[in-house]
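Q: Below are the structure tokens for one structure; questions will follow.
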Amino acid sequence: MIPTRIIEAKRDGERIEADDLRAFLNSYATGDTPDYQMSAFLVAVYFNGLDADETDVFVQSMLASGTSLDLSYLGAPRVDKHSTGGVGDKVSLALAPLVASLGVFVPMMSGRGLGHTTGTLDKLEAIPGFRTDLSLSDFKNVLERVGCAMIGQTAEIAPLDKRLYALRDVTGTVAVRPLIAASIMSKKLAEGLTGLLLDVKVGAGAFIPEEDRAIELATTMVDIGSRRGLPTVALLTAMDRPLGCAIGNGLETAEAILCLRGGGPDDLRELLLRQASEMLRLTDPTVGSLAATARAEESLDGGRAFERFAEMVGAQGGDTSVLDDPGRLATAALQGTVVALEAGVVSEVRPKELGQGVVALGGGRQRMDQAIDLGVGFEVQVRPGETVSKGDLLAVVHATDTRGLEIGEQVVRAAVRVGDDSMQSQRPLVSHVVDVSGVSAAT
Ligand code: URA
């Protein structure tokens with residue numbers, strides 16, 4: 001296997017033989033192939049794609065680069081959820097403890113910020129002391145005691161995905177359907193699960209914005225899971241606007257805590273309950289959707305999910321006082337308001353612009369080795385369709401300095417469109433369900 005030959009072949013639209021592709025990926029995993037050659041290959045994949053067999057080699061190689069957990073000794077269902085990445089999507093933080101509070105183990109392995117989206121790990125690290133780098137034995141220990149644990153890709157589980165993920169983040173090669181599918185499924189197949197829920201975002205703020213391609217992505221992942229004996233269901237969810245109000249790591253953590261306390265934005269709560277219900281149904285498909293949602297709602301409103309979150313934060317070394325005092329989360333030094341310059345109807349709140357704005361403020365990585373600022377971001381106060389008067393608050397910008405406040409204001413003005421009443425129609429929060437039997441409209 002000659003790396004330059006593999007790169008040239010993909011650049012020229014040729015199919016790569018399984019053995020050659022496997023050898024190339026292994027040589028990257030061992031450090032023999034450098035980042036610059038893998039970057040060139042990824043760009044070629046961006047333009048020419050991977051077929052089903054090549055995607056399978058990616059999944060196998062990433063899976064085989066580490067160990068797979070056997071959690072069957074827990075003697076109870078183990079279900080995880082993974083999102084393809086959205087703006088303002090902080091559901092995982094509340095979902096893991098909520099589902100754990102319902103008697104289902106949630107061994108959650110998440111990622112850092114990717115492209116214009118923030119990542120669950122960075123959000124958790126906004127909690128002082130919270131450790132996302134637990135060893136596998138500590139991870140299992142927390143899981144056994146609390147019912148859920150949240151860590152990142154490790155040197156032990158899918159380490160090849162960890163390297164490729166970080167490289168894709170800074171080389172403009174995130175938005176590739178087979179790469180997303182292989183990245184997500186290799187981690188999830190290593191987790192020792194009995195069921196998997198996927199949240200496939202669709203709309204302008206998603207990596208794969210178009211509905212038909214998002215359905216293809218969902219179908220690819222459901223097939224990969226099902227063929228390997230992991231019952232997998234995907235929900236297509238709206239990303240034509242941000243989820244909730246907070247965008248930026250620490251701000252999103254604060255909003256997730258608010259939701260666990262029974263408050264927070266309606267769309268966040270609705271999606272949280274819907275996902276919890278699907279995860280419960282993955283453990284027992286005979287339970288109806290309404291009954292599963294009611295169980296989740298009772299736990300959320302009864303404070304049990306919040307208690308689980310507090311237990312998990314404590315068990316993973318985090319400062320639990322943030323739960324009562326979100327001011328102790330990572331916060332930015334300065335806040336500035338952006339108000340409407342004219343009266344009108346909010347026709348759009350563009351998620352991608354806001355996500356890219358967080359990166360511009362220092363809250364996402366522009367280089368692989370970059371430390372990020374967990375406190376910066378936006379609190380958007382308006383939703384598409386709302387009427388505003390001149391001077392009404394559109395958003396609060398959180399930044400480290402006055403230049404950041406200026407950048408933040410420009411971002412809000414580009415993202416939040418106020419004009420006449422010609423509003424684009426919005427996607428339903430959950431539009432489709434994809435499972436082994438096919439694609440159906442969500443009810
Ligand atoms: N989440 C992942 O783990 N990988 C991707 O490529 C996208 C979202």
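Q: Over the Cα atoms of the range 294-362, how large are the radius of gyration and the largest Cα-Cα distance (Dmax), in Å?
A: So, for the range 294-362, Rg and Dmax equal 18.4, 49 Å respectively.
Q: Follow-up question, since we're still on this one. I want to check the label-to-label distance for S389 and E307. Put each point 7 Å from Cα in the C-beta direction and report it in nm to one decimal.
A: Each label point is offset 7 Å from its Cα along the Cβ direction, giving 4.6 nm.
Q: Which FRET efficiency, nearest 0.05, do F47 and Q410 yield, Cβ-Cβ r, R0 30 Å?
A: 0.45
Q: Of the heavy-atom accessible surface of the range 263-322 (probe 1.4 angstrom), what whole percent is carbon and sulfur?
A: About 50 percent, which is the carbon plus sulfur part of the accessible surface.
Q: In whole Å, how far is the Cα centre of the range 163-195 from that of the range 303-321?
A: About 28 Å separates the Cα centre of the range 163-195 from the one of the range 303-321.
Q: In Å, the Kirkwood hydrodynamic radius of the chain over pairs of distinct alpha carbons?
A: About 22.0 Å for the chain.
Q: Compare G357, G229, G115 in a GNM of the chain, Cα atoms joined below 10 Å, and give the one with the largest fluctuation.
A: For the chain, modelled as a Gaussian network with Cα springs under 10 Å, the answer is G229.
Q: If amide hydrogens are placed 1.01 Å from N in the peptide plane, which non-local residues have theirs closer than 5 Å to the one on L394?
A: Here the answer is V338, V339, A340, since their amide H atoms fall under 5 Å of that of L394.
Q: Right, here's the next one. For labels at T320 and R403 in the simple 7 Å Cα→Cβ model, what's the distance in nm?
A: Label-label distance for T320 and R403, simple model: 4.2 nm.
Q: Taking every DSSP beta bridge that has both residues in the chain, what percent is antiparallel when rounded to the nearest 5?
A: 60 percent
Q: Of S110, S137, S39, which is the most mobile in a GNM of the chain whose springs link Cα atoms less than 10 angstrom apart?
A: Checking each option, the largest mean-square fluctuation is seen for S137.
Q: Can you work out the accessible area per residue across the chain, with the rest of the protein chains kept in place, probe 1.4 Å, in square angstrom?
A: 38 Å²
Q: Under a GNM of the chain (C-alpha, springs under 10 Å), which listed residue has the highest mean-square fluctuation: V222, V418, V99?
A: The residue with the greatest mean-square fluctuation here is V418.
Q: Okay, next question. With a point put 7 Å past each Cα toward its Cβ, work out how far D266 is from D12 in nm, to one decimal.
A: It is 5.8 nm.
Q: Loop only per DSSP, at most 11 neighbouring Cβ atoms within 10 Å: give me the GluC sites (Glu not before Pro) in the range 255-357, ordered by residue number.
A: Passing both the DSSP loop test and the Cβ count: E342.
Q: Can you list residues from other chains, or at least 5 along the same chain, whose modelled amide H is less than 5 Å from the amide H of S110?
A: I151, G152, Q153
Q: Quick one: how many Å² of I224 are accessible to a 1.4 Å probe, rounded to 10?
A: Rounded to the nearest 10, that gives 10 Å².
Q: Here is a follow-up. Compute, for the range 3-49, the length of the dipole vector about the Cα centre, with Cβ point charges of +1 (Lys, Arg) and -1 (Asp, Glu) only. Units Debye, rounded to 20.
A: It comes to approximately 100 debye.
Q: Okay, which of the range 251-288 sit inside 12 Å, backbone N to the point 7 Å along the Cα-Cβ direction of A294?
A: Of the residues in the range 251-288, 288 have backbone N under 12 Å from the label point off A294.
Q: Where in the range 383-399 does the amide nitrogen come within less than 20 Å of the point 7 Å from the Cα of L429, taken along Cα to Cβ?
A: Once the point is set 7 Å along Cα→Cβ of L429, 383-387 turn out to lie under 20 Å by backbone N, inside the range 383-399.
Q: For the range 168-175, in order, what is each residue's ³J(HN,Hα) by Karplus, 6.51 cos²θ - 1.76 cosθ + 1.60 with θ = phi - 60°, in whole Hz (x at glycine and Pro)?
A: Karplus-based 3J(HN,Hα) across the range 168-175 equals 4, 4, 10, 10, x, 10, 6, 7 Hz.
Q: Given the rule -39500 (n - 2.57) for each run of at least 4 DSSP H residues, summed and divided by the residues of the chain, what is its mean residue ellipticity at 222 nm, to the nearest 500 deg cm²/dmol?
A: -13500 deg cm²/dmol, from helical runs alone.
Q: Over the range 104-150, calculate the relative contact order: mean separation of alpha carbon pairs under 8 Å at least 6 apart, over the residue count, as a percent.
A: 45 percent
Q: Could you work out the longest stretch of the chain that avoids the trypsin sites (Lys or Arg not before Pro) located in DSSP loops with at most 11 other Cβ atoms within 10 Å?
A: In short, 1-366.
Q: V418's amide H: which non-local residues (gap 5+, or another chain) put their own amide H closer than 5 Å, with H modeled 1.01 Å from N in plane and none for Pro or chain starts?
A: Answer set, sorted by chain and number: S347.
Q: First compute the accessible area of the range 332-419 with a 1.4 Å probe, then give the percent of it belonging to carbon and sulfur atoms.
A: Summing carbon and sulfur atoms, their accessible area is 47 percent of the total for the range 332-419.
The values are calculated or read from the model by the stated rules, or taken from the named source; none is laboratory data. Please read these numbers as outputs of a predicted model, since none were measured by experiment. For neighbour counting, all protein chains shown are included, and Cβ atoms are generated from backbone atoms with ideal geometry for every residue, glycine included. Ligands, DNA and RNA are stripped out before the accessible areas are found, and what is left, the full protein with its side chains, is counted by its heavy atoms. Shrake-Rupley method; radii C 1.70, N 1.55, O 1.52, S 1.80 Å.
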